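Undergrad: Please find one structure pasted underneath; my questions will follow.
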Amino acid sequence: MLKKILYIMPLLIGSGVANATDYEGMAPEEILQTLIDKTGSSYLGQSPQNLQMMPDNPAYWLVDEGEALFSEPRGPKQVSLEECDFGKGPGVLEGAYAELPRYFADVGKVMDLEARLVHCMTTLQGFDKQDAPVKTRHGSSSDFMKLQTYIAAQSNGIAWNPPMDHPMEKAMRDAGEVMFYRRSGPMDFSCQTCHGDTGKRIRASVLPNVNEPEEWTKAISWPSERAGQLNVRSSQHRLRGCLWQMRHPQIVGGSDASIALISYWTDAARGQPAILPDLKR
Amino acid sequence: MLNTSIKKTIVATTSLLCLLAGVNVAQAEGKPDIVGMSPQQLAEHLIFNSGSFKLDQAVQEGGVTRQRLEQDELQTACSVVGGGKADTNTAVKVMNMARDSIKLPEGGIKLGDWKIGRELAWSGFGFRVGHNNDDHSTAANGPGGNCYNCHQLATDRTGGNIGPALTGYGKARGSSEAILKYTYEVIYNPHAYFPCTHMPRIGANGILTNEQISHIMAYLFDPESPVNK
């Protein structure tokens with residue numbers, strides 16, 4: 001009996017240490033390296049070059065510029081975004097992105113980071129939706145990507161934890177799940193075609209598996225610099241790109257269907273540390 | 001008076017449709033009852049009625065993007081939430097549907113030009129819509145088959161591994177009438193053999209023509225093709 005306990009002691013200690021891994025305070029590349037060491041995932045480890053470049057991630061320029069934009073009085077109302085509530089109180093950004101999408105009582109809707117940012121820029125700051133700072137959503141030079149990258153980076157190392165307390169949050173997550181597995185179009189593709197198994201590749205690119213949270217956290221860690229595109233990209237941009245590759249119609253940025261899908265995919269990474277900003281191929 | 005009666009009819013019809021769809025009528029007239037719908041109902045609502053997708057864009061096969069989100073019977077049967085396998089009854093139904101869809105080329109299965117087949121197997125852009133549209137109407141050999149995205153074929157190019165490796169396909173199998181027919185059918189509609197497979201219905205869905213399939217078949221079977229070297 002005692003012998004048995006002695007045998008499993010190292011296991012108990014080992015798993016205790018693993019569970020207690022404190023990702024908060026780690027740099028994005030340290031988080032990724034820890035996950036690679038832990039899982040041996042071919043998706044996570046597919047680009048040693050990208051891992052090497054992460055300390056000098058061009059996305060850090062956007063974090064800095066986004067920080068300045070965030071606190072600067074802007075728009076027709078000349079106010080900063082410090083009064084914007086991303087779910088944890090006005091101006092509270094630490095860990096806020098890791099808990100999006102969530103239900104916002106002031107609009108009676110579930111919103112992701114992009115939709116919430118549009119909401120605050122149009123209501124608080126008084127921008128029109130057609131004004132460039134709101135309308136131009138993509139590209140490293142856009143105010144919108146700078147703000148998103150700054151806000152998201154305040155959740156680096158924090159475990160994804162989108163709330164499911166409000167019935168709308170659960171409903172959107174569940175509908176997003178249905179959409180994830182819903183096949184259609186000339187190629188019969190669903191999201192699951194590419195993201196339901198481990199170690200699968202499209203040509204040379206290893207694909208992340210939605211069923212492996214430690215792998216999936218990197219897949220959903222946006223904004224991320226895309227080395228192949230020389231731009232920092234958002235969750236919405238990734239979603240649009242996937243649907244384009246699937247030959248599905250274009251999704252509208254910030255639309256309810258996009259938020260439902262992002263609710264599901266964030267829930268699938270629950271408990272794993274966000275890697276922000278990330279650098280992808 | 002006439003207007004009123006038409007309006008009444010429209011309201012009655014709409015209400016009936018909403019009832020049939022299981023949507024609360026009062027909610028359907030105002031804000032949708034997101035919490036009251038099943039996940040499937042909400043997904044359908046979000047896809048078609050929430051302005052979330054650009055549904056009116058023209059597509060290469062004719063018609064508009066909306067039809068690409070409307071599921072046919074096979075797609076519905078093969079969409080399993082959570083990714084589990086379809087049950088046996090569904091699998092049998094899917095195999096039968098697929099079997100019925102297969103049209104063999106008139107005059108028998110012929111092998112075309114493996115060099116054209118090589119390019120078609122590599123090409124993976126056809127039928128994309130949205131922000132960067134494919135126009136394959138002027139492409140010499142058509143839209144391409146996307147084969148390399150998922151299959152390793154010849155070893156001179158890197159293929160994916162969502163599907164099985166097909167390296168040495170013809171060399172290993174010969175080119176009897178039976179294997180030619182089987183291969184043609186798998187390309188045309190793979191669900192006849194592998195119900196709810198990830199592989200697209202290349203023939204049945206009109207991705208490639210018979211002639212294009214004959215070139216890809218040559219790429220698989222021709223002894224001179226790099227696939228068999």
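All of the numbers you see were taken from the coordinates with simple rules; none came from a lab. Model, not experiment: these values are computed from the prediction. Ideal geometry is used to build each Cβ from the backbone, glycine not excepted, and the neighbour counts take in all protein chains shown.
Undergrad: Amide H neighbours of B:Val64 under 5 Å, at least 5 residues apart or on other chains, H built in the peptide plane: list them.
TA: When sequence neighbours closer than 5 places are left aside, the close amide H contacts are B:Val59.
Undergrad: Next up: Show me the GluC sites (Glu not before Pro) within the stretch B:60-156 that DSSP assigns to loop and that have at most 10 other Cβ atoms within 10 Å of their Cβ. All intermediate terms of the calculation are to be shown ahead of the outcome.
TA: Numbers: sites: B:Glu61, B:Glu70, B:Glu73, B:Glu106, B:Glu119; in loops: B:Glu61, B:Glu70, B:Glu106.
Here the GluC sites (Glu not before Pro) that fit, given the DSSP loop and packing criteria, are B:Glu106.
Undergrad: If you count, for every residue in B:43-51, the Cβ atoms of partner chains within 10 Å of its Cβ, what is the mean? Please report the intermediate quantities before stating the final value.
TA: Numbers: counts 12, 4, 3, 12, 11, 1, 1, 5, 4.
Per residue, the number of nearby Cβ atoms from other chains is 6 on average.
Undergrad: By its C-alpha gyration tensor, with a ≥ b ≥ c as the square roots of the eigenvalues, how is the stretch B:90-228 shaped: rounded for a/c under 1.5, else prolate for a/b larger than b/c, else oblate?
TA: Details: a/c = 1.35, a/b = 1.04, b/c = 1.30.
Rounded.
Undergrad: Explain nothing, just the number: dipole magnitude of the protein assembly as shown about its Cα centre with +1 on each Lys and Arg Cβ and -1 on each Asp and Glu Cβ, in debye rounded to the nearest 20. Write out the running numbers ahead of the final one.
TA: On the way: 49 positive and 55 negative charges, 257 e Å.
Roughly 1240 debye for the protein assembly as shown.
Undergrad: Filter the GluC sites (Glu not before Pro) in the stretch B:126-229 down to the DSSP loop ones having no more than 14 other Cβ atoms within 10 Å, then list what survives.
TA: B:Glu224
Undergrad: Right, another one. Which residues does the label zone of B:Gln57 cover in the stretch A:211-252, counting backbone N under 19 Å from a point 7 Å along Cα→Cβ?
TA: Only A:234-252 fall inside the zone, counting backbone N under 19 Å.
Undergrad: Enumerate the residues in the stretch B:136-162 having an amide nitrogen under 19 Å from the point lying 7 Å beyond the Cα of A:Ser205 toward its Cβ.
TA: Within reach of a label on A:Ser205, which here means backbone N under 19 Å from a point 7 Å along Cα→Cβ, the stretch B:136-162 contributes B:144-153, B:157-162.
Undergrad: Further question: Kirkwood Rh and Cα-based Rg: tell me the resulting Rg over Rh for chain A, rounded to two decimals. The partial results should precede the final answer.
TA: On the way: Rg = 19.4 Å, Rh = 19.6 Å.
Checking Rg against Rh, the ratio lands at 0.99.
Undergrad: Could you give the angle, 0 to 90 degrees to the nearest 10, between helix A:113-123's Cα long axis and the longest principal axis of the Cα atoms of chain A?
TA: Taking the Cα atoms of chain A, the angle to A:113-123 is about 20 degrees.
Undergrad: Could I ask something else about it? Pull out the extension gain between B:Asn89 and B:Asn49, defined as 0.36 nm times the separation in residues minus the alpha carbon to alpha carbon distance; nm, one decimal. Please report the intermediate quantities before stating the final value.
TA: Values: separation 40, 0.36 × 40 = 14.40 nm, distance 3.22 nm.
Value of the extension gain: 11.2 nm.
Undergrad: Within the stretch B:192-216, whose backbone N sits under 16 Å from a point 7 Å along Cα→Cβ of B:Lys110?
TA: B:209-216
Undergrad: Moving to a separate point now. Springs between alpha-carbon atoms under 10 Å, Gaussian network over chain A: tell me which of A:Gln125, A:Gln229, A:Gln148 tops the mean-square fluctuations.
TA: Residue with maximal mean-square fluctuation among A:Gln125, A:Gln229, A:Gln148: A:Gln229.
Undergrad: With a Förster radius of 30 Å, plug the Cβ-Cβ distance of B:Asn96 and B:Asp135 into 1/(1 + (r/R0)^6) and report the FRET value to the nearest 0.05. Walk me through the intermediate numbers first.
TA: Numbers: r = 36 Å, r/R0 = 1.22.
Efficiency at R0 = 30 Å is approximately 0.25.
Undergrad: Net charge within 14 Å of A:Leu32 by Cβ-Cβ distance, Lys/Arg positive one each and Asp/Glu negative one each, not counting A:Leu32 itself? Present the calculation step by step, with values, prior to reporting the outcome.
TA: Details: positive: A:Lys38, A:Lys218, A:Lys280, A:Arg281; negative: A:Glu29, A:Glu30, A:Asp37, A:Glu214, A:Glu215, A:Glu225, A:Asp278.
Within the 14 Å Cβ shell, the charges total -3.
Undergrad: Also, quick follow-up: Would you mind working out the magnitude of the charge dipole of chain A relative to its Cα centre, with +1 at each Lys and Arg C-beta and -1 at each Asp and Glu C-beta, to the nearest 20 Debye? Before the final figure, lay out the partial values.
TA: Values: 29 positive and 34 negative charges, 229 e Å.
Dipole size: approximately 1100 debye.
Undergrad: Taking B:Lys93 as the anchor, which aspartates and glutamates have their alpha carbon closer than 14 Å to its alpha carbon, excluding any fewer than eight residues away along the same chain?
TA: The reachable aspartates and glutamates, counting only those whose Cα sits under 14 Å from B:Lys93, are B:Asp72, B:Glu73.
Undergrad: Per DSSP helix of 4 or more residues, -39500 (n - 2.57); summed, then divided by the residues of chain A. What does that give at 222 nm, rounded to the nearest 500?
TA: Numbers: 12 runs with 124 residues, N = 281.
That calculation yields -13000 deg cm²/dmol at 222 nm.
Undergrad: Which of the three applies to the stretch A:106-252, rounded, prolate or oblate, going by the alpha-carbon gyration tensor with a ≥ b ≥ c and a/c under 1.5 meaning rounded?
TA: Values: a/c = 1.57, a/b = 1.37, b/c = 1.15.
Because a/c hits 1.5 or more and a/b exceeds b/c, the stretch A:106-252 counts as prolate.
Undergrad: Using only Cα atoms and rounding to the nearest 10 degrees, what angle (0 to 90) does helix A:167-180 make with the longest principal axis of chain A?
TA: Between the helix axis and the principal axis of chain A, the angle is about 70 degrees.
Undergrad: Could you calculate the contour length gain from A:Asp22 to A:Ser47, that is, 0.36 nm times the residue separation minus the distance between their Cα atoms, to one decimal place in nm?
TA: On the way: separation 25, 0.36 × 25 = 9.00 nm, distance 2.41 nm.
My answer for the length gained is 6.6 nm.
Undergrad: Right, next: Mind listing the lone cysteines of chain A, meaning no other Cys beta-carbon sits under 4.7 Å from theirs?
TA: Cys with no partner Cβ under 4.7 Å: A:Cys191, A:Cys194, A:Cys242.
Undergrad: Which of rounded, prolate or oblate describes the protein assembly as shown when judged by the alpha-carbon gyration tensor and an a/c cut-off of 1.5? Provide the component values of the computation, followed by the final result.
TA: Values: a/c = 1.72, a/b = 1.26, b/c = 1.37.
Here the protein assembly as shown falls in the oblate category.
Undergrad: If you take each beta carbon of peptide A:252-263 and count the beta carbons of other chains within 10 angstrom, what is the mean? Kindly include the intermediate steps, with their values, before the conclusion.
TA: On the way: counts 5, 1, 1, 6, 10, 11, 3, 2, 8, 3, 0, 0.
So the per-residue partner count for this stretch is 4.
Undergrad: Residue farthest toward the positive end of the dipole of the protein assembly as shown, with Cβ of Lys/Arg at +1 and Asp/Glu at -1: which of A:Asn161, A:Tyr150, B:Leu111?
TA: In the protein assembly as shown, that residue is B:Leu111.
Undergrad: Are there any helices in chain B, counted as whole DSSP H runs, that stretch 24 Å or more along their axis by Cα and score at least 0.0 on average by Kyte-Doolittle, and if so which?
TA: B:2-20
Undergrad: Applying 1/(1 + (r/R0)^6) with R0 = 30 Å to the Cβ-Cβ distance of A:Val252 and A:Ser71, what FRET efficiency is obtained, to the nearest 0.05?
TA: 0.50
Undergrad: Please check: in the Gaussian network model of chain B (C-alpha springs, under 10 Å), which one of B:Asn141, B:Asn133, B:Asn189 has the largest mean-square fluctuation.
TA: Of B:Asn141, B:Asn133, B:Asn189, the Gaussian network model singles out B:Asn133 as fluctuating most.
Undergrad: Further question: Put +1 on the Cβ of every Lys and Arg and -1 on every Asp and Glu Cβ in chain B; which of B:Gly145, B:Ile162, B:Leu74 then has its Cα farthest towards the positive end of the dipole?
TA: B:Ile162
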